[in-house]
Amino acid sequence: MMTFYRSGEPGVACVDLDSCPVLTQDAVWIDLFEPSQEEEKTIEAALGFEVPTREEMQKIEISSRLYRENDILFMTATILNKADTSHPKSSAVTFILAPRQLVTVRYADPAPFQNFRKRIEASGKQYDSPGKVFEGLIDAIVERLAEILERVGSALDSVSLEVFTPPTTPSGGKPQRHDFDKILRRVGRCSDLISKARESLVSLRRLLLFFNETPKPELHMKTVLNDLTSLSDHASFLSTKVNFLLDATLGLINIEQNGIIKIVSVAAVVFLPPTLVASVYGMNFDVMPELKWVLGYPFAVFLMISTAVLPYVFFKRKGWL
């Protein structure tokens, strides 16, 4: 689908250029969402420059993502998409900044594009040039990344409070244990979001460094570049916090497992002496003279109970139970 935006007017979606041929040259921003080969060829013929294909947008070489042809800038960045879902993704978006138009090519619909479309339709008069539209889009993307990192930071604070708070004991009930499986999944989701956000931040930083090398870089873009550096530092801090929480959670799991193994080991030692006594008397019933006494059987039972109680008392005094 092709959407054309003129200064101060809402966007017009066109299936082909025959339905809105005037908007091609007058549009300040042309947004190509999942364009077909026919739409790409039509736009290329109308504007006079080639539009990168989906395969070309996926390349990771800097020379394939950031280059200049005459006075037209071709810039491709990786944008975080579907951050609010359980399966966040990263998608490539190409910005083609020409003297008269900004053309964006994308095969996903990230939230910053949705927000910016509402903004430009509400107050489109301030976006009267391709450069200003480009600035607005970059601002919306950076704002979205900052929002995601803030949300991840809050989620990590919640996980940290849950991990390091002792299990609560309801009145008259059993202690509620931590659900470490759920905690690990939450930490893993935060880690995934941070890694994809850092990928997007690095990609945008390279894009702006390339853009600022133009003869007349916008001063505002230098400010955004500083914001990206700060957000990258914050993402690194959050990544360190994720690793700390992961190590702490795994450590608590090991402590809990060691406690269970200790109880099983102590129980085995407690029941080993009475088991030995019962085995000796049971296998040698005919030759054990004390079992022929009147109180022989109670004596054997008392001996088994005593050999179980004495180790239990010893372990209790040592604090091993």
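Largest first and in whole Å, what are the equivalent-ellipsoid semi-axes of region 50-190 based on the Cα gyration tensor, each being the root of 5 times an eigenvalue?
Square roots of five times the eigenvalues give 44, 18, 11 Å.
Can you tell me how much longer the chain between L252 and A155 gets when fully stretched, taken as 0.36 nm per residue apart minus their C-alpha distance, in nm with one decimal?
Extending this stretch completely gives an extra 33.0 nm.
Need one number: nm distance between label points at Q114 and N70, each 7 Å from Cα along Cα→Cβ, rounded to one decimal.
Result: 3.8 nm between the two label points.
Using 1/(1 + (r/R0)^6) with R0 = 51 angstrom and r between the beta carbons of V301 and F244, what's the FRET efficiency to the nearest 0.05?
In this case the efficiency is close to 0.40.
Q126 versus V264, label points 7 Å from Cα toward the beta carbon: distance in nm?
6.5
Return P(r) of region 124-163 (all Cα-Cα pairs; 10 Å bins starting at 0; whole %; ordered from short to long distances).
Bin by bin from 0 Å, the calculated values are 28, 28, 20, 15, 8, 0.
I need the peptides 38-47, 204-213 ranked by packing, meaning the mean over residues of other C-beta atoms within 10 angstrom, with the highest value on top.
Values: 38-47: 15.5, 204-213: 18.2.
The peptides rank, most packed first, as 204-213, 38-47.
Roughly what would the spin-label model give for K41 and K82, points 7 Å off Cα along C-beta, in nm?
Once both label points are built, they end up 3.1 nm from each other.
Of K182/K241; K241/K262; K41/K82; K89/K182; K118/K241; K82/K118, which ones are farther than 25 Å apart at the Cα?
Result: K241/K262; K41/K82; K118/K241 exceed 25 Å.
Give a residue-ordered list of calculated ³J(HN,Hα) values for region 61-78 (Karplus: 6.51 cos²θ - 1.76 cosθ + 1.60, θ = phi - 60°; whole Hz; x for Gly, Pro).
So the Karplus estimates, Gly and Pro as x, are 5, 4, 5, 8, 9, 10, 7, 10, 10, 6, 10, 10, 9, 10, 10, 10, 10, 9 Hz.
Where the centroid of each part is defined by its Cα atoms, how far is region 119-159 from region 55-75 in Å?
23
Run through every distinct alpha carbon pair of region 89-128 and return the Kirkwood hydrodynamic radius in angstroms, one decimal place.
This gives a value of 11.6 Å.
Run the accessible area of region 82-181 with a 1.4 Å probe and give the carbon-and-sulfur part as a rounded percent. Display every interim value, and only then the final one.
Values: 2480 of 4920 Å².
The C+S portion of the solvent-accessible surface of region 82-181 is 50 percent.
The values are calculated or read from the model by the stated rules, or taken from the named source; none is laboratory data. In this text, all values refer to a predicted model and were calculated from it rather than measured experimentally. Because the Cβ atoms are built from the backbone with ideal geometry, glycine has one as well, and the counts that use them run over all protein chains shown. To get the accessible areas, we keep the full protein, side chains included, count just its heavy atoms, and leave off ligands, DNA and RNA. Shrake-Rupley method; radii C 1.70, N 1.55, O 1.52, S 1.80 Å.
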